[in-house]
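K.L.:
Structure in structure tokens, see below.
The values are calculated or read from the model by the stated rules, or taken from the named source; none is laboratory data. The structure presented is a predicted model; accordingly, all values stated were derived computationally and were not measured. Quick reminder, even Gly has a Cβ in these numbers, built from the backbone with ideal geometry, and neighbours come from all protein chains shown. We work out accessible area using only protein heavy atoms, side chains counted, and drop any ligands, DNA or RNA first. Shrake-Rupley method; radii C 1.70, N 1.55, O 1.52, S 1.80 Å.
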Amino acid sequence: MDIDPRQYENTAINDDDIHNIVLSYLVHNCYKDTVESFITTTGVTKPVVFEDMEKRKRVFMLALEGDALKAIELTEQLAPGLLDKSKDLHFDLLTLHFVELVCSRKCTEAVEFARTKLTPFGDVQKYVEKLEDFMALLAYEEPEKSPMFHLLSSEYRQHVAESLNRAILAHANLPSYPAVERLMQQTVVVRQYLDQEQDKEGLSHFSLKDFLKS
Amino acid sequence: MGVVDDNEPPSKRLKGPPGVSKEDTLHNQIASTSLEDSMARPLSLQRDDETIGLKGIIKKHEFVKIINRALYSLGYSKTATILEEESGIPLHSSAVTLFMQQVLDGKWDECLNTLHNIGLTDEALIKSASFLLLEQKFLELLRKGKHMAALLTLRTEIVPLSINSARVHELSAYIIYPSQFLALGLSDQDTDIALSRAKCLERLQKLLPAAIMIPESRLEHLVEQALDVQRDACVFHNTLNSELSLYTDHQCGRDQIPSKTLQTLQEHKDEVWFLQFSHNGKYLASSSKDQTALLWEVQEDGQLILKHTLSGHQGAVSIISWRHDDSQLLTCGTDETVRRWDVGSGKCLHVYEKPGAGLISCGWLADGDGIASGMSDKSICLWNLEGNIVECWKGHRTENISDMAVTSDGKIIISICRGSTLLLFNRESRCERIIEEEDRITSFSLSKDNKFLLVNIVNQEIHLWRITGDPKIVSKFKGHKRTRFLVRSCFGGFEQAFIASGSEDSQVYIWHRGTGELLAKLPGHSGTVNCVSWHPMNPHILASASDDCTIRIWGLDKPKCKGTTQSNGKVHHQPNGRT
């Protein structure tokens with residue numbers, strides 16, 4: 001059961017809302033140049049965090065590449081106190097550096113680093129468990145072949161970098177997720193819920209992809 | 001062909017009986033049953049298939065080895081070494097001895113080498129043993145602060161074994177968390193290293209096949225097995241565990257069952273209907289048609305003396321119930337009241353009665369803060385100590401036969417309902433279970449562990465029911481006489497392994513609970529024996545109550561001094577009997 005397209009005609013959309021949605025997406029991902037031309041074309045107001053976007057992008061790229069220490073330095077400048085507040089994030093960033101050391105086979109340094117920087121987190125059980133996982137990488141001459149190889153992957157780095165990005169935005173009192181993402185998620189969830197209610201067998205699935213194409 | 005190790009002291013070579021050639025005995029070694037294909041061959045040239053003992057099933061070299069092991073365990077290493085020399089049977093092959101020493105010395109690389117020489121063929125076993133050794137090496141390196149060396153061991157030696165990756169995971173964390181493994185007890189002390197290496201050796205012993213490394217305590221284990229078998233086979237077994245001896249096969253004689261009247265108590269003036277020892281065995285309470293209950297104290301020498309007379313009932317007293325702490329007791333009788341008495345003073349603390357209905361049976365609730373009574377109006381009432389009825393259940397019938405029991409945890413109330421049925425009422429869950437008997441029930445008795453019920457039936461049988469889960473009959477006991485009167489039975493003896501009952505032929509009957517075999521009939525009374533009670537602490541004392549107005553105390557009949565099958569455990573035992 002699909003919604004009658006004519007119902008869309010009855011719903012009013014504000015142009016400004018659309019502009020803001022697009023802008024929030026661009027800001028979130030630090031597309032500074034695109035933001036500039038967008039502002040010029042549409043005439044919306046320059047967002048407050050314009051200058052910071054450059055720095056935030058740098059932090060994100062550093063984390064993505066695994067240069068965690070630099071990323072931490074810049075984060076302290078950009079969002080002071082953030083890492084103190086968010087221990088999870090701090091820990092995850094430090095582990096990125098640890099992983100770097102392991103990948104470059106610098107085992108002694110890795111052990112030292114772990115002992116000095118990571119063990120202080122040791123009073124909380126979940127960090128201990130995570131740390132165990134990371135330490136297990138050291139036991140293998142080829143960490144890529146160890147059971148914990150996923151910790152070395154770019155997916156992991158991506159995950160940490162994105163968390164960092166979100167945290168910095170939140171710290172500046174900005175939304176941590178671009179509006180368009182939320183809207184898409186909202187649509188899918190609501191449609192799925194409705195489908196379930198209407199059609200208990202769940203035969204008709206809502207596909208966002210198809211919807212966008214139609 | 002075996003190779004004689006040159007390092008062996010000369011005394012260990014060529015000890016075979018004269019005339020037996022070297023080839024011969026080695027042949028036998030190959031032909032004899034061995035547990036492993038490449039079992040380390042003992043260097044003695046005695047025949048491997050030599051046996052000792054009458055039945056020829058004990059292999060001599062195994063026998064000597066486990067004795068040897070026991071000697072080492074006891075700390076007699078000098079004797080043990082001499083035994084090895086004299087018998088020519090070394091406890092372990094030289095490779096194994098070397099291996100064990102290397103473990104204790106912490107020479108890990110040599111150890112791993114030797115491991116391959118001790119005769120193991122199972123690859124997986126070798127790996128597991130190597131893992132244990134390397135783990136110990138790793139932990140010791142950490143203890144000394146050599147983290148990188150430990151890491152190296154982990155990476156290059158342990159991980160390639162490709163087993164136990166979960167443990168590898170844990171070990172890698174120890175590198176930076178010394179506190180975690182310090183908790184394992186590896187501190188800086190030298191003695192602790194020795195201890196932990198000894199523990200490592202223990203773990204290896206458990207892992208490796210017994211033929212290669214004789215397990216510790218093997219001899220002790222075999223002896224304990226034998227004792228267990230003897231004890232289980234002993235039908236009259238009525239002695240404490242401390243009496244088991246290795247010198248003779250344990251066999252309690254008939255003389256372990258009480259069989260002789262030690263004392264006759266004649267203070268009652270009429271038929272004695274009920275008696276019961278207190279939970280701690282310090283007192284005996286008896287009740288009689290003479291409307292009194294008597295409280296007896298059991299003295300150090302086993303003699304009973306009258307302590308208090310509890311009078312007040314207006315009719316025969318038929319039931320006594322002891323409080324769990326033995327400080328008070330309840331009596332109930334044909335006057336349909338229940339009285340509560342203080343044991344210390346003998347005073348009546350309270351009289352429980354209900355206008356319009358009679359109390360015909362009674363029992364304590366587990367915490368001793370309340371009592372339960374069966375009523376003549378076919379209900380069961382719960383009272384508080386002050387005499388107020390707290391709860392009442394109707395809906396099932398209790399007959400006038402006054403029997404009620406409450407399990408010691410207070411949860412289940414058992415009563416006779418409808419003649420041939422017993423009701424088990426669970427107070428918490430409010431659920432009822434039924435035991436259907438084939439004939440009318442006259443009395444019943446609950447075991448100490450609340451799991452069994454002894455039920456006396458009109459047809460002169462006593463049935464033992466298990467009441468955990470679905471009630472089921474376990475055994476039947478017969479032989480005694482019961483036609484007209486109420487006769488009671490009880491559990492008793494060591495671990496409640498016996499059943500005793502009264503009988504109308506004036507004798508006390510005793511059966512073995514496990515086999516149902518009638519063990520003894522004790523004559524002495526001149527009237528129906530109504531009730532028996534076995535002493536809860538001393539398995540050799542039994543009391544019986546009879547229509548001849550007396551109470552008899554039974555004990556062992558002049559124990560002969562047969563080794564250690566005597567029990568002179570604690571108290572209440574008359575070695576020379578008394579009439």
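K.L.:
Being under 34 Å from the mean Cα position of the chain (by Cα) and either on the phi < 0 side of the Ramachandran plot or touching a residue at least 40 places away in the same chain (Cβ under 8 Å) (or both): is that true of residue B:361 here? It would help to see each step written out before you state the result.
P.N.:
Numbers: under 34 Å from the mean Cα position of the chain (by Cα): yes; either on the phi < 0 side of the Ramachandran plot or touching a residue at least 40 places away in the same chain (Cβ under 8 Å) (or both): yes.
When the stated conditions are applied, residue B:361 passes them.
K.L.:
If residue B:253 passes every condition in (1) at pLDDT below 85; (2) under 30 Å from residue B:330 (Cα atoms); (3) not aliphatic (A, V, I, L, M) but one, which one does it miss?
P.N.:
In the conditions (1) at pLDDT below 85; (2) under 30 Å from residue B:330 (Cα atoms); (3) not aliphatic (A, V, I, L, M), residue B:253 misses (2) alone.
K.L.:
Between a first residue in segment A:34-46 that is without any contact (Cβ under 8 Å) to a residue 40 or more places away in the chain and a second residue that is open to solvent by 100 Å² or more (accessible area, probe 1.4 Å), which pairs have beta carbons less than 8 Å apart while being 6 or more apart in sequence or on different chains?
P.N.:
Cβ pairs passing all conditions: A:39/A:45; A:39/A:46.
K.L.:
Of all residues in segment B:70-85, which are over 16 Å from residue B:198 (Cβ atoms) and surrounded by 13 or more Cβ atoms within 10 Å (Cβ to Cβ)?
P.N.:
Within segment B:70-85, B:70, B:71, B:76, B:79, B:80, B:81, B:83, B:84, B:85 qualify.
K.L.:
Now for a different question. With the requirement that a residue be surrounded by fewer than 21 Cβ atoms within 10 Å (Cβ to Cβ) and either in contact (Cβ under 8 Å) with a residue 60 or more places away in the chain or under 23 Å from residue A:109 (Cα atoms) (or both), what does segment B:112-132 give you?
P.N.:
Correct list: B:119, B:120, B:121, B:125, B:128, B:132.
K.L.:
Right, here's the next one. Which condition breaks for residue A:95 when tested against (1) of a type in the set (Ser, Thr, Tyr); (2) surrounded by 15 or more Cβ atoms within 10 Å (Cβ to Cβ); (3) away from chain B (no Cβ under 14 Å)?
P.N.:
The one condition residue A:95 does not meet is (3).
K.L.:
Is there any pair linking a residue in segment B:218-233 that is in contact (Cβ under 8 Å) with a residue 40 or more places away in the chain to one that is among the hydrophobic types (A, V, I, L, M, F, W, C) and surrounded by 12 or more Cβ atoms within 10 Å (Cβ to Cβ), with Cβ under 6 Å and at least six apart or on different chains, and which?
P.N.:
From segment B:218-233, the pairs are B:218/B:66; B:219/B:66; B:219/B:70.
K.L.:
Within segment A:100-119, count every residue that is touching a residue at least 40 places away in the same chain (Cβ under 8 Å) and open to solvent by less than 10 Å² (accessible area, probe 1.4 Å). Quick ask: steps written out before the conclusion?
P.N.:
First pass over segment A:100-119, keeping only residues touching a residue at least 40 places away in the same chain (Cβ under 8 Å): A:102-103.
Right, trim to open to solvent by less than 10 Å² (accessible area, probe 1.4 Å) and you get A:102.
Number satisfying all stated conditions: 1.
K.L.:
I've got another one for you. Quick one: is residue B:250 outside the structural domain of residue B:368 (by TED's automatic domain parsing), open to solvent by less than 20 Å² (accessible area, probe 1.4 Å) and not hydrophobic (A, V, I, L, M, F, W, C)?
P.N.:
yes
K.L.:
Let me ask you something else. Condition first: buried (at least 22 other Cβ atoms within 10 Å of the Cβ) and part of a loop (DSSP other than H, G, I, E, B). Now tell me which residues in segment B:301-322 satisfy that.
P.N.:
Selection gives B:313 alone.
K.L.:
Where the second residue is open to solvent by 40 Å² or more (accessible area, probe 1.4 Å) and part of a helix (DSSP H, G or I) and the first is more than 10 Å from every other protein chain (Cβ to nearest Cβ) and modelled with pLDDT of 85 or more and lies in segment B:146-173, which pairs have Cβ atoms under 6 Å and are six or more apart or on separate chains?
P.N.:
B:161/B:127; B:163/B:127
K.L.:
Which members of segment A:1-26 meet the condition of being of a type in the set (A, V, I, L, M) and free of Cβ contacts under 8 Å to residues at least 40 places away in the same chain?
P.N.:
In the first step, residues of segment A:1-26 are kept if they are of a type in the set (A, V, I, L, M); the result is A:1, A:3, A:12-13, A:18, A:21-23, A:26.
Those that are of a type in the set (A, V, I, L, M) and free of Cβ contacts under 8 Å to residues at least 40 places away in the same chain: A:3, A:12, A:13, A:18, A:23, A:26.
K.L.:
Now, a different point. List, please: which pairs have Cβ atoms under 6 Å, are six or more places apart or on different chains, and start with a residue in segment B:98-111 that is farther than 12 Å from residue B:136 by Cβ and end with one that is of a type in the set (Ser, Thr, Tyr)?
P.N.:
From segment B:98-111, the pairs are B:98/B:114; B:99/B:114.
K.L.:
For segment A:72-122, give me each residue that is at pLDDT 85 or above and among the aromatic types (Phe, Trp, Tyr).
P.N.:
A:91, A:98, A:113
K.L.:
For segment B:482-555, which strands (runs of 3 or more DSSP E) that fit wholly inside it have 2 or more residues that are buried (at least 24 other Cβ atoms within 10 Å of the Cβ)?
P.N.:
The strands (runs of 3 or more DSSP E) meeting that bar are B:489-492, B:498-501, B:508-512, B:529-534, B:542-546, B:551-555.
K.L.:
Given the options B:515, B:564, name the one that is at pLDDT below 80 and of a type in the set (Ser, Thr, Tyr).
P.N.:
B:564
K.L.:
Could you look through segment B:86-97, keep only residues that are in a helix (DSSP H, G or I) and under 42 Å from the mean Cα position of the chain (by Cα), and pick out the one that is surrounded by the fewest Cβ atoms within 10 Å (Cβ to Cβ)?
P.N.:
By that ranking, first place goes to B:86.
K.L.:
Consider segment B:337-367. How many of its residues are surrounded by 15 or more Cβ atoms within 10 Å (Cβ to Cβ), at pLDDT 90 or above and not in a strand (DSSP E or B)?
P.N.:
Going through segment B:337-367 one residue at a time, the tally reaches 3.
K.L.:
Moving on. Restricting attention to segment B:426-434, does a residue exist that is more than 28 Å from residue B:498 (Cα to Cα), modelled with pLDDT under 85, open to solvent by 10 Å² or more (accessible area, probe 1.4 Å) and in contact with a Phe, Trp or Tyr (Cβ under 7 Å, 6 or more places away or on another chain)?
P.N.:
Within segment B:426-434 (the criterion being more than 28 Å from residue B:498 (Cα to Cα), modelled with pLDDT under 85, open to solvent by 10 Å² or more (accessible area, probe 1.4 Å) and in contact with a Phe, Trp or Tyr (Cβ under 7 Å, 6 or more places away or on another chain)), the answer is yes, since at least one residue qualifies.
K.L.:
Turning to a different aspect of this structure: Mind checking which residues of segment B:271-294 are open to solvent by 50 Å² or more (accessible area, probe 1.4 Å) and charged (D, E, K, R)?
P.N.:
Answer for segment B:271-294, where residues must be open to solvent by 50 Å² or more (accessible area, probe 1.4 Å) and charged (D, E, K, R): B:282, B:289.
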